[in-house]
Structure formats: C-alpha cells, structure tokens
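> Could you have a look at this structure, given as structure tokens, before my questions?
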Amino acid sequence: MKLENIMQPVNTYLQVHDTLKDATEYMLETKYNTIPIGDEEGNLLGIFTRSSLYRMILSGASLDSEIAPYIIKDVTITANDITMDQLIHRVQHSKVGETVILDENGKIAGLLTKQSVTRAFAELSNHLRQELNELQSLRNFNQLSTKKDPINGSSTSLYTWQDIITRDSKMEEIIQTLKKISKGSLPVLLRGASGTGKELFAHAIHASSSRSNKPFVTINCAAIPEQLLEAEFFGYEAGAFTGAERKGHAGKFELAHGGTLFLDEIGDMPLNLQSKLLRAIEGKSFYRVGGNQLIQVDVRIISATNAPLEKLIKEKKFREDLLYRLNVMSVTIPPLHERKNDILLLANTFIQQLNDELGTSVAGLAEEAAGLLYAYDWPGNIRELKNIIQRGMALTGQGQITMSSLPDELKENNMKRTIEPSNEKKELEEALIETNGNKAKATRLLGISRSTFYEKMNKYGII
Ligand SMILES: Nc1ncnc2c1ncn2[C@@H]1O[C@H](COP(=O)(O)OP(=O)(O)OP(=O)(O)O)[C@@H](O)[C@H]1O
C-alpha cells in the first residue's frame with residue numbers, strides 16, 4: 001500500500017499572514033482538522049489546527065486577525081518510506097489526527113487523515129477477502145478464476161442509505177427513486193449545493209447496487225492539477241512522462257472496473273479531458289497515457305456537481321453531449337434551509353454519534369440553542385451544521401449545548417431574522433411538526449413574538 005494512494009492530496013495551503021476568516025473557510029471547505037502552513041515555494045512552516053481555530057474564536061479574535069501566533073511550528077512529518085506499523089502508530093498517536101506528507105522535493109503534498117487510513121484498511125481487507133474467496137473457489141472447483149478484478153488502489157463504499165438522516169418528504173422521494181435505479185448501471189448525476197450530502201448519496205447508491213462488492217473509486221476533478229488529471233483517470237505507461245513510474249500505473253477508470261467511478265466536482269473538469277471522458281464512456285474503453293493497448297472496462301459513472309452546468313455549456317466550458325451521457329438519471333439534493341425539519345434531527349443525531357469520538361457526554365441542545373440552529377440559513381449545509389455541532393460539543397463537554405457555545409454568526413443572523421412572506425405558511429407548519437404541535441415551543445423556535453405567531457396562524461387557518 002503506497003502512502004500517496006492513502007493520503008488526501010493538498011493543492012492549497014495557507015501562509016502565515018492569512019487570517020482567521022481564511023482558516024475557517026479552508027476548514028469548512030476541506031473538512032480537515034489540520035491546515036498545512038507553507039511559504040511561497042510550498043515548504044512546510046507549520047500547521048494550524050481546528051483547536052487553534054476555536055482558541056482564536058474564544059479569545060474574541062476578529063475574522064481579520066492573522067493566524068500567525070497560533071501556528072504550531074514543531075510538526076512531525078511522515079516520510080515517504082514509512083512502514084505500515086509506523087503509519088498505524090503515527091496516526092493513532094497524532095494529537096490532531098492528521099499528519100502532513102511531503103513529496104520527494106520536501107514540498108507539501110498531502111494530509112494523512114484517520115479516515116483515509118481507515119479507508120485504506122477497509123480496502124486492504126476487501127482485497128484479502130477477495131483473495132480468500134478466490135482460493136476457496138480454487139479448492140472447491142479445482143479451476144482457476146479467469147477474471148480477476150484490479151482492485152489495488154481502489155476503495156469501497158463507506159455509507160449506505162441508513163446513514164442518510166432525513167425526515168423531509170422531498171429527500172425521501174429522492175431516496176426512493178435512487179433506490180429503485182441503484183441496482184442497475186445507469187449513470188447518475190447528483191446536483192446540489194456544497195455540503196448537502198452528494199458524496200454520501202454516491203456511496204449509498206454503490207452500496208445498494210449489484211456492484212457493491214466491487215470497487216468504489218472517487219476522483220475529485222477540482223482537487224487534482226489539470227496536467228495530472230488525465231493520468232489519474234486513464235493511468236500511464238512506463239516512461240510516459242518525466243517522473244512516471246518505471247512500470248506504469250493503472251488509472252482510476254481501470255481500478256473501478258466492475259464497480260463504480262465517482263466523479264466529484266465534474267463541473268471543474270477541463271474541456272479536453274471532457275472529450276476523452278466522453279469517448280471512454282461511449283466506447284467503454286480507453287488508452288493509458290503513452291499506451292497503445294485499448295483497455296476495456298465496465299464501470300458505472302456517478303457524478304456530482306454544484307456548478308451551473310447549463311450556464312457552463314452556454315459559455316462553452318462544459319460539453320453538452322457529456323452532460324447528456326452523465327445525467328441519464330439526475331437529482332438535485334435540496335439545501336438544508338429548504339428542509340428545516342432536518343436541522344434538529346441531524347443536529348441531535350450528530351450529538352449522539354460524536355460523543356464517543358470526541359470523548360464528551362453532551363445530552364442535547366438547550367431550547368434557545370435549538371432555536372438558533374433552526375433559524376439559521378446554513379449556507380454550508382450539513383457540513384457546516386456538523387462542524388458547528390462538533391465545535392459546540394467540544395466547548396460544552398457535558399450537559400446541553402447552550403447559546404454561548406454557538407458561533408456569533410448564528411446569533412447575528414437571528415437578530416436580523418424575519419420570515420419571508422413566501423415561506424411563512426410552510427415555516428409555521430414545519431415548526432409545529434418539529435415541536436409536536438407545541439405552540440409555545442414553535443413560537444420560540446421561529447424567534448417571533450407570541451402575538452405575531454397567533455396572528456399568522458389565524459391568517460393561514462392553521463389550528
Ligand atoms: N442526510 C445526511 N445525514 C447525515 N449526514 C449527512 C447528510 N448529508 C450530509 N451529511 C454529512 O455532511 C458532510 C458533507 O456531506 P458530503 O461531503 O456528502 O456533501 P457534498 O454535497 O458532497 O459536498 P461537496 O459538494 O462540498 O463535496 C459529510 O460529513 C456527510 O457525512
């Protein structure tokens with residue numbers, strides 16, 4: 001197992017003069033707990049961790065304050081030739097849970113997260129299980145299996161439909177539709193804002209398909225530099241370009257053979273690669289970079305984007321014929337502010353799930369805190385909600401999360417809160433469902449006065 005296959009590649013990092021705002025955006029976007037800090041040439045100068053972020057926020061630092069004083073300079077770096085035992089030890093004992101990996105030139109290359117190591121082990125056990133199965137069938141039937149899946153370097157799905165928490169009717173409809181088509185091999189395009197759960201859906205579709213015991217391989221088209229993307233997709237032959245491995249390398253398409261290839265952030269794919277991808281999908285075959293042997297594959301494509309593809313097509317940045325290939329089945333996952341009844345359900349589920357991981361014993365949300373979460377617009381969707389709950393839990397430790405453990409932007413948002421007239425009826429009804437019909441609680445949840453609440457109930461004839 002190679003380190004570069006396990007680590008999460010990092011192509012942006014922060015610099016010492018960056019601010020608390022930059023760090024918050026980085027963490028919300030990447031989901032990592034650690035930000036590498038580098039100089040202009042990409043040499044590692046230190047790290048900035050999620051707990052430093054919380055410390056800055058608690059000390060009342062403004063969003064424009066520089067992160068420099070909170071950078072941890074004494075960081076250990078995992079060398080590229082680490083053994084598996086050393087790797088397990090390093091990840092288990094790392095205080096922040098993530099380790100920076102440098103490339104052979106000593107520049108920041110990626111992060112090793114606990115999640116990526118767990119994934120790699122799941123993949124390894126999948127591989128071993130497959131080998132065992134093959135040995136078993138050899139013994140039973142005394143005949144060689146003629147087809148062997150190239151699962152080295154591929155992964156397996158980590159989530160199923162059960163992991164998707166919702167009680168929103170539109171979400172339930174989407175899940176039912178996707179469950180029906182997940183069995184076959186139709187391509188699926190998942191659309192929706194960042195953090196709405198597109199990746200979770202992709203995993204669940206694969207896990208409930210007939211390909212579930214075959215690889216689930218992800219490519220994030222936005223995270224890989226353009227010049228490396230083609231080799232990442234299609235692999236390369238020995239000596240295809242400077243620095244290429246002597247033996248050549250299989251690409252993600254090949255690794256996903258028999259299974260599913262998940263193309264995340266498809267809107268960021270460069271045009272010339274879009275044409276090659278289209279050809280590979282249509283012909284179910286491709287050539288490695290620098291290769292002349294046609295490689296046949298059977299791969300289901302699931303893609304995801306929050307980009308306005310139709311607009312990109314008009315601007316000639318996305319191929320229309322590729323969109324038709326990808327969106328045979330297309331769903332848009334609604335943002336969290338359109339499914340308000342999921343907010344507290346998700347928040348409480350995260351609290352239960354995260355207590356173990358964080359070593360806390362948080363019992364739930366105090367009523368005013370729940371009101372704040374409910375009223376907020378959640379531009380970062382479920383990812384942002386999960387981060388805020390995590391932060392609130394870390395600050396609370398035990399008992400209920402109160403307003404004081406929630407970030408200021410939620411409170412500021414609440415002060416400005418007025419209900420949009422077009423949403424009024426829906427919001428009233430949803431708040432009543434959320435509170436099991438308790439009008440006093442619903443009033444507090446909506447953050448409006450009692451008289452306004454009753455006035456609006458009358459207006460819409462809600463009893
Ligand atoms: N319905 C849900 N139930 C439980 N967890 C969820 C749900 N939706 C999203 N999450 C969690 O929220 C986080 C963000 O989800 P995910 O990465 O799937 O979003 P995304 O739409 O793919 O985001 P991006 O477009 O930024 O890649 C993940 O931790 C995921 O597990």
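Read-outs throughout are calculated quantities, based only on the coordinates presented, and are distinct from any laboratory measurement. Computed from a prediction, not measured in an experiment: that's the story for all the values here. Here the Cβ is made from the backbone with ideal geometry for all residues, glycine too, and neighbour counts use every protein chain on show.
> State which entries of K198/K411; K252/K284; K31/K311 exceed 19 angstrom in Cα-Cα distance in the structure shown.
Beyond 19 Å: K198/K411; K31/K311.
> Next question, about the same structure. Determine ³J(HN,Hα), in whole Hz, for all residues of the range 222-232 in sequence, where each value follows from phi through the Karplus function 6.51 cos²θ - 1.76 cosθ + 1.60 and θ = phi - 60°; x replaces Gly and Pro.
Result, rounded to whole Hz: 8, 8, 10, x, 3, 5, 9, 5, 5, 5, 5.
> Using every pair of alpha-carbon atoms in the range 149-332, split the distances into 5 Å bins beginning at 0 and state the percent of pairs per bin, rounded to integers.
Calculated P(r), rounded to whole percents: 1, 8, 17, 21, 20, 15, 10, 5, 2, 1, 0.
> May I ask you to sort L345, L365, L102, L372 by Cβ crowding, counting other Cβ atoms within 10 Å and putting the fewest first?
Going from least to most buried by this count: L345, L102, L372, L365.
> How do I433, I108 rank when sorted from fewest to most other Cβ atoms within 10 Å of their own Cβ?
Listed from fewest to most nearby Cβ atoms, that is I433, I108.
> What are the ³J(HN,Hα) values, in whole Hz, obtained from phi via the Karplus relation 6.51 cos²θ - 1.76 cosθ + 1.60 with θ = phi - 60°, for each residue of the range 167-178 in sequence order, with x given for Gly and Pro?
Values, residue by residue: 9, 8, 5, 5, 5, 4, 4, 4, 4, 4, 4, 5 Hz.
> Separation of the range 19-47 and the range 280-349 by C-alpha centroid, Å?
The two parts, judged by their Cα centres, are 28 Å apart.
> May I pose another question? Kindly write out, for the range 397-404 in residue order, the coupling ³J(HN,Hα) from the Karplus curve 6.51 cos²θ - 1.76 cosθ + 1.60 (θ = phi - 60°), rounded to whole Hz, with x marking Gly and Pro.
Coupling constants for the range 397-404: x, 9, x, 8, 6, 10, 4, 5 Hz.
> Counting other beta carbons within 10 Å of each residue's own, what order do F262, F234 fall into, fewest first?
In increasing order of surrounding Cβ atoms, one gets F234, F262.
> Moving to a separate point now. What's the magnitude of the charge dipole for the range 337-460 around its Cα centre, counting Lys and Arg as +1 and Asp and Glu as -1 at the beta-carbon? Answer in Debye, nearest 20.
Here the size comes out at about 340 debye.
> When you count, for each residue, the other Cβ atoms within 10 Å and take the mean per peptide, how do 299-307, 158-166, 188-196 rank with the highest first? Don't skip to the end; give the middle numbers.
On the way: 299-307: 23.4, 158-166: 15.6, 188-196: 21.9.
Descending mean neighbour count gives 299-307, 188-196, 158-166.
> Can you classify the range 337-460 as rounded, prolate or oblate using the Cα gyration tensor, where a ≥ b ≥ c are the square roots of its eigenvalues, rounded means a/c under 1.5, and otherwise it's prolate if a/b beats b/c and oblate if not?
Taking the square roots of the gyration eigenvalues as a ≥ b ≥ c, the range 337-460 is prolate.
> Taking amide H positions as placed 1.01 Å from N in the peptide plane, with prolines and chain starts having none, which residues 5 or more places from V289, or on another chain, fall under 5 Å of its amide H?
Residues meeting the criterion, in which the H sits 1.01 Å from N, are G235, Y236, E237.
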